[in-house]
Amino acid sequence: MRTRKVVAGAATAVLAAALAAVGAVRQGDQAEASSASPGARDVIVHLFQWPWADVASECTNVLGPKGFGAVQVSPPQEHVVLPGKGHPWWQDYQPVSYQITSRRGDRDAFKRMIDTCHDAHVKIYVDAVVNHMAGGESTGPGSAGSSYTQYDYPAVPYTDSDFHHCGRNGNDNIKNYKDKWEVHNCELDDLSDLKTESGTVRGKLTAYLNDLVSLGVDGFRVDAAKHLPASDLAAIIDPVNGDPYVYSETIEGDPGGPTPEEYAGIGDVTEFRYGEVVGSAFRDGNLANLNNLAGSMRVGTEDAIAFVDNHDTQRNGGAKLTYKNGSSYALAEAFMLAWPYGVPQVMSSFTFSNKEAGPPATDSGTTTAVNCGDGWVCEHRWRTTQNMVGLRNAAAGAGATGWWSNGSNQIAFSRGSAAFVAFNRAGSALTRTFQTNLPAGTYCDVMSGDFGNGACGGTTYQVNSSGQVSATVPANGALALHIGARTGGAAFCSTGFEVNATTSWGQNVFVVGDTAALGNWDPDRAVPLSSATYPVWRGTAHLPTGTAVQYKYIKKDGSQVIWESDPNRSRTTGSSPCTATWSDSWR
């Protein structure tokens with residue numbers, strides 16, 4: 001059975017450190033995650049409607065080399081075929097059977113894609129449709145040739161008794177989204193609503209997911225999850241073989257209806273507020289309050305899938321920004337990858353003017369090969385996105401420190417001692433000397449150029465021994481530096497700090513010291529430690545090698561700072577290459 005538990009490791013450290021950065025980790029608030037987690041390489045890219053062969057190629061040539069963690073692929077099961085409606089995008093979300101044959105390819109192509117992506121160290125998450133089958137739009141055949149009519153799907157098989165007929169609204173459709181029973185038991189837009197309380201139905205759905213796992217699928221995005229009770233979904237997911245990563249589509253709805261929190265015990269959930277808050281901030285240039293982002297969300301960072309837009313919000317007006325907004329959207333995506341909240345999902349779209357339109361296709365409806373720029377947007381290839389994946393991976397486990405804002409449209413912050421970013425939504429360039437926590441060295445601005453083979457294709461900046469960098473951030477642009485894109489400078493030691501410290505409600509623990517990486521004794525730039533293994537708090541800093549370092553632990557609760565007793569702690573880092581863990585107890 002898949003149960004909730006505390007997960008130690010880099011992924012959990014990212015989650016807990018994010019909470020610590022905004023003062024949200026409390027005594028006893030150990031960061032929870034589903035038993036499976038996406039890992040330290042946690043960035044998901046949704047290659048919406050991409051054919052399997054093109055996903056495989058993208059894993060090899062782009063996603064693996066750039067450090068993406070996983071691809072969310074469109075539903076692979078047999079679906080309706082609707083030539084009379086121009087083969088709309090949503091036909092894929094109307095299952096006919098659980099055969100792996102869709103307009104993107106057959107079972108063999110799907111398996112080859114998975115194997116190829118795994119070779120590139122990229123996971124595959126399937127968009128799984130388990131709430132319903134096809135509606136009354138057509139009577140077949142489906143994409144694998146199966147015949148069907150509404151409430152009768154011989155290839156599964158499902159018959160009339162396997163579906164809900166709520167009988168409340170004449171046509172069985174949901175009418176009142178404030179009524180949880182109706183949301184769970186009536187039909188979503190005429191789609192045949194599966195009787196998921198039935199052991200027979202549950203068994204067939206679990207068998208479908210097990211089949212996908214047998215092919216190598218690493219996880220699932222559960223489509224329309226709030227339309228079946230959380231207990232039903234758990235009963236379907238728990239028997240699935242292995243330990244797949246699960247995240248549920250849970251749109252926050254009307255009072256009285258299902259809530260995202262109900263599904264967080266099964267896995268992570270989609271946080272629809274994220275795109276509203278971050279999208280609005282970058283659309284309007286009001287960035288100054290983004291350091292309080294977690295407080296604006298419905299669910300905590302440990303449960304959230306964060307996204308600026310997805311395939312639905314692009315089309316239903318829910319997205320404040322999409323690819324059509326250009327640089328504002330690009331900066332919002334970059335911020336999402338830089339800021340430590342949730343598991344980030346980036347979108348890769350096809351162009352559309354008609355919100356019903358399907359992807360580029362042949363006359364028969366088969367999706368054509370992806371050619372970025374020719375009907376395919378490929379936002380994930382934009383430098384502002386793909387280069388920020390490397391920054392996020394370099395900063396895994398590090399909280400946000402040293403927040404700076406001009407009070408309006410310009411912000412900057414560090415991710416511990418691993419990365420530094422600045423965002424400028426003003427119409428003119430921003431030039432200033434920024435205070436970072438980075439170790440001294442020469443860094444490539446990955447926003448202005450690629451980094452590879454030790455060389456920078458864009459602007460380089462020198463960070464001094466105090467962690468300061470004088471830089472220019474272009475109008476409506478960003479600056480991004482991280483330890484994985486250095487071209488010179490003294491070697492550093494990746495040093496883990498762990499301290500056994502009990503805390504009162506509201507307190508978090510940090511480490512601060514006499515180097516830039518430890519904030520130069522400034523409590524506002526102290527490195528946040530994770531409470532995931534409370535009462536032991538853990539974090540990492542990048543310290544110069546062969547150097548005597550003085551440091552202390554502090555407890556912070558808002559503006560109140562409690563220092564541990566004198567004297568300063570003193571240790572010396574090793575020589576390169578160097579990793580170390582310094583273990584202490586609060587005094």
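The values are calculated or read from the model by the stated rules, or taken from the named source; none is laboratory data. Everything numeric in this text was worked out from a predicted model, so none of it was measured. In this analysis, Cβ positions are derived from the backbone assuming ideal geometry, glycine residues included, and neighbour counts consider all displayed protein chains.
For this structure, a couple of remarks:
- Annotation: ASN176 fulfils all but one of (1) in contact with a helix residue (DSSP H, G or I) (Cβ under 6 Å, 6 or more places away or on another chain); (2) surrounded by 18 or more Cβ atoms within 10 Å (Cβ to Cβ); the unmet one is (2).
- Cβ-Cβ under 6 Å pairs, at least 6 apart or on other chains, the stretch 449-463 side closer than 19 Å to VAL389 by Cβ, far side buried (at least 16 other Cβ atoms within 10 Å of the Cβ) and of a type outside the set (Gly, Ala, Ser): GLY449/CYS456; PHE451/CYS444; CYS456/CYS444; GLY457/ASP450; GLY458/ASP445
- Scanning the stretch 184-196 for residues that are in a loop (DSSP other than H, G, I, E, B) and either touching a helix residue (DSSP H, G or I) at 6+ places or on another chain (Cβ under 6 Å) or on the phi > 0 side of the Ramachandran plot (or both) yields a count of 5.
- All positions within the stretch 134-168 that are closer than 24 Å to GLU182 by Cα, of a type in the set (Phe, Trp, Tyr) and assigned to a loop (DSSP other than H, G, I, E, B): TYR151
- For the stretch 254-264, a tally of residues being assigned to a loop (DSSP other than H, G, I, E, B) and within 18 Å of ARG221 (Cβ to Cβ) returns 2.
- Taken together, ASP172, ASP160 contain a single residue that is on the phi > 0 side of the Ramachandran plot and over 32 Å from the mean Cα position of the chain (by Cα), which is ASP172.
- Some residue of the stretch 237-253 being in a helix (DSSP H, G or I), aliphatic (A, V, I, L, M) and within 30 Å of SER405 (Cβ to Cβ): no
- Selection status of SER466, surrounded by fewer than 16 Cβ atoms within 10 Å (Cβ to Cβ) and polar (S, T, N, Q): yes
- The helices (runs of 4 or more DSSP H) located wholly in the stretch 265-353 that include 1 or more residues which are surrounded by 24 or more Cβ atoms within 10 Å (Cβ to Cβ) occupy 272-284, 327-338.
Yes/no per residue for (1) of a type outside the set (Val, Ile, Thr); (2) in a loop (DSSP other than H, G, I, E, B); (3) modelled with pLDDT of 95 or more; (4) not assigned by TED's automatic domain parsing to the domain that holds ALA338:
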| residue | (1), (2), (3), (4) |
| --- | --- |
| ALA8 | yes, yes, no, no |
| TRP50 | yes, yes, yes, no |
| VAL55 | no, no, yes, no |
| GLU58 | yes, no, yes, no |
| ASN61 | yes, no, yes, no |
| VAL71 | no, no, yes, no |
| ASP108 | yes, no, yes, no |
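- Single condition ARG107 does not satisfy, out of (1) crowded, with 20+ Cβ neighbours inside 10 Å; (2) within 28 Å of the chain's Cα centre (by Cα): (1)
- ALA580 closer than 28 Å to GLN468 by Cβ, outside the structural domain of SER466 (by TED's automatic domain parsing), within 30 Å of the chain's Cα centre (by Cα) and not in a strand (DSSP E or B): no
- Matching option when the condition is surrounded by fewer than 18 Cβ atoms within 10 Å (Cβ to Cβ), touching a residue at least 12 places away in the same chain (Cβ under 8 Å) and out of contact with any Pro (no Cβ under 7 Å at 6 or more places or on another chain), among ASP162, ASP190: ASP190
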